[in-house]
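Following: one structure in C-alpha cells, then a few remarks.
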Amino acid sequence: MAHHARRFSALMLLGLTATLACLLMPQAGAAADDLASTRARLVLPTEPAGAVTPTEAKAGLSTTPKPVAIAGRIAAKGMDPFVKGKASFAMMQLPDDHAKKPGHNSDDCPFCKKRLAKAPLVAVQFVDSDGKEIAFDARELFGVANGQEVVITGTATFNPKLALPIIQLQGAGIFIRPTP
C-alpha cells in the first residue's frame, strides 16, 4: 500500500509540474511578445530632425511639459546611468566638435569637463499608456549601453529651483545612433 501511495504522489507531482509548466509558458511567451511590441513601438527607424543638446533644451524648458527631441549619450557623471528593471536612464551632453579629433579623450580634457559640468543631466523615463514606468530594463528593451549616443523624443520639463540642473524627459521614442 505504501508503494502505491508513493507512486500516486510521484504521479501527482509530475502532473502538477506539467500543469504549472503549461500555465507558465504562455506567460513567458506573452512577456517576450510584450517586450518585442514595446521595443517596436518605441525604437525609431530614423533619427528625428531638429534634435538639440541638453543645454539647448534647458534654455527653452520650464515646469510646463513641452515636446522636444534631445541628443546625448547615456551616462551619469561616474554613476550607473540605468535604473535596474526599468525603462529609465540618465543622459548627458555629447562632447563638442573639438572632441572629435583623433586621440581626444573628452573625459580627460579640461575644456570638455568644464563645459559638461555646466550642462544639465537628463533623466529619461519611458512610461506605458497608464503613465506607469515601463518595467523592462532599458538595456534589454533597447539594447543600449553606457556611453551610447541616442536621440530621445518626448515631453520634458526643467525646474530651475532644483539644486542640480536636471531635465525630466518622458520618452515617447528613442533613436540609437550607430557606433562608428
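Bear in mind that the values in this text are calculations on the coordinates, not laboratory data. Because the structure is a prediction, the values reported are computed rather than measured. Glycine also receives a Cβ, built like all others from the backbone with ideal geometry; neighbour counts cover every protein chain displayed.
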Problem set entry | Over segment 54-176, relative contact order from alpha-carbon pairs under 8 Å, at least 6 apart, % | 35 percent
For this session: List the pair-distance distribution P(r) of segment 54-176, using every Cα-Cα distance, as the percent of pairs falling in each 5 Å bin from 0 up to the bin containing the longest distance, rounded to whole percents.
Result: 2, 11, 21, 24, 19, 14, 6, 2, 1, 0
For this session: Express in nm, to one decimal, how much length is gained between Arg39 and Lys101 on full extension, taking 0.36 nm for each residue of separation and deducting their alpha carbon distance.
Result: 18.9 nm
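Please get the size of the charge dipole for segment 54-176, origin at its Cα centre, with Cβ charges of +1 on Lys and Arg and -1 on Asp and Glu, quoted in debye to the nearest 20.
Dipole of segment 54-176, to the nearest 20 debye: 440 debye.
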For this session: Would you order Thr64, Thr153, Thr55 from fewest to most other beta-carbon atoms within 10 Å of each residue's own beta-carbon?
Result: Thr64, Thr55, Thr153
Exercise. Taking Lys66 as the anchor, which lysines have their alpha carbon closer than 25 Å to its alpha carbon, excluding any fewer than eight residues away along the same chain?
Worked result: Lys58, Lys86, Lys118, Lys132, Lys161
